[in-house]
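The values are calculated or read from the model by the stated rules, or taken from the named source; none is laboratory data. Remember, it's a predicted structure, so these values are computed and weren't measured experimentally. Cβ sites come from the backbone with ideal geometry, for glycine too, and all protein chains shown count toward neighbours. Accessible surface areas use protein heavy atoms only, side chains included; no ligands, DNA or RNA. Shrake-Rupley method; radii C 1.70, N 1.55, O 1.52, S 1.80 Å.
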Amino acid sequence: MGGFDYAVIALVVLVFLTLFAGIKTVPQGYRYTIERFGRYVKTIEPGLNFIVPYFDRIGAKMNVMEQVLDVPTQEVITKDNASVSADAVAFYQVLNPAQAAYQVSNLENALLNLTMTNIRSVMGSMDLDELLSNRDTINDRLLRVVDEAANPWGIKITRVEIKDIAPPTDLVEAMARQMKAEREKRAQVLEAEGSRNAQILRAEGAKQSAILEAEGQREAAYREAEARERLAEAEAKATRMVSEAIAAGDVQAINYFVAQKYTEALAAIGTANNQKIVLMPMEASSLIGSLGGIGAIAREVFGDGQAPASPRRSTPQTGPASNPVENR
């Protein structure tokens, strides 16, 4: 082989080397920075890219996918001087590869230290009870603070989550006793409120019952008084009618009136509770005879029963027979 052949081979090799140096392939999810004589020029996107051979070179290969940063466990002193252990996890994404490559050195370590520092700062400004019950608030504050600090680096902090908060063992036991006392207190309060409500309801029920009973008694008394009034009116009307009949000389009316009173007296004697021996005509014939005797007396008083006799004044007699009541 002559010198010409070597020159051709060298030229072909140079062409391949030039093409290899000028053609760059970027995988999906990455961005490459291009430097010319050590100065940043541009950022090439995923796919086939052409650069100036021998002048340009790849500076940094930046992963623009969302990445996870595991924050190790660290001791935190709370506002009320309680020592707790906390660990977290952060998610971030490179939005500006040039800033992430040239604004900060060792990006992952910088983000880790930034997150740890803000965790101690945020959690240290809170009480233990607030720290344990407000994780969402802690996560929001951490996200806002860390994202604002990482923004000049072209980094977007998408999420910061506190994985675990572990107080000391003695503090956990004290919190358990406190929680038990609070629950017992709440149970006693609820029991007292239930008892009070039950007593109130019972009192209300007794009050309503007394009101209804009083209203019932009032209604019963009113109706009883009304019944007595009606009965008295009927009795007065019947007495007036009998009186008018007697005044008119109707013997049958006085017979009916006397017989009715006689029958009522017999019923009252028969239903009396005291033990007595009553001798009186209980047979029907005797009762009719008694009624007939009463009628005869009425006829003697009023005459023959057709018209009332004119009233006559009798001269009182002196002697033992003048007062039959006293001689009885």
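Around residue 96, what is the net charge, scoring Lys/Arg as +1 and Asp/Glu as -1 over all other residues with Cβ under 10 Å from its Cβ?
+2
Got a sec to turn the phi values of segment 17-26 into Karplus ³J(HN,Hα) couplings, 6.51 cos²θ - 1.76 cosθ + 1.60 with θ = phi - 60°, whole Hz, x for Gly and Pro?
Whole-Hz 3J(HN,Hα) from phi for segment 17-26: 5, 5, 4, 5, 6, x, 9, 10, 10, 10.
Straight-line reach only, C-alpha to C-alpha below 17 angstrom: list the lysines that residue 61 could link to, leaving out same-chain residues fewer than 8 apart.
24, 42
How much length is gained if the chain between residue 182 and residue 170 is pulled fully straight, taking 0.36 nm per residue apart and subtracting their Cα-Cα distance, in nm to one decimal?
2.5 nm
For 144, 240, write out the residues from largest to smallest accessible area, computed with a 1.4 angstrom probe and no ligands counted.
Heavy-atom accessible area, descending, gives 144, 240.
Evaluate 2.2 N^0.38 Å with N set to the residue count of segment 102-196, then give the Cα radius of gyration divided by it.
Scaled against compact globular proteins, the figure is 1.62.
For the full complex of protein chains and a 1.4 angstrom probe, list 161, 204 by accessible area with the highest value first.
Working: 161 65, 204 90 Å².
Descending order: 204, 161.
Within the set of other residues whose C-beta is less than 11 Å from the C-beta of residue 134, count the net charge using Lys and Arg as +1 and Asp and Glu as -1.
Summing Lys/Arg as +1 and Asp/Glu as -1 gives -3.
Could you tell me which of the pairs 79/163; 163/185; 79/180 are separated by over 26 angstrom between their Cα atoms in the structure shown?
Flagged as over cut-off: 163/185.
Within a Cβ distance under 12 Å of residue 40, other residues only, what is the Lys/Arg minus Asp/Glu net charge?
Residues close to residue 40 contribute a combined charge of +2.
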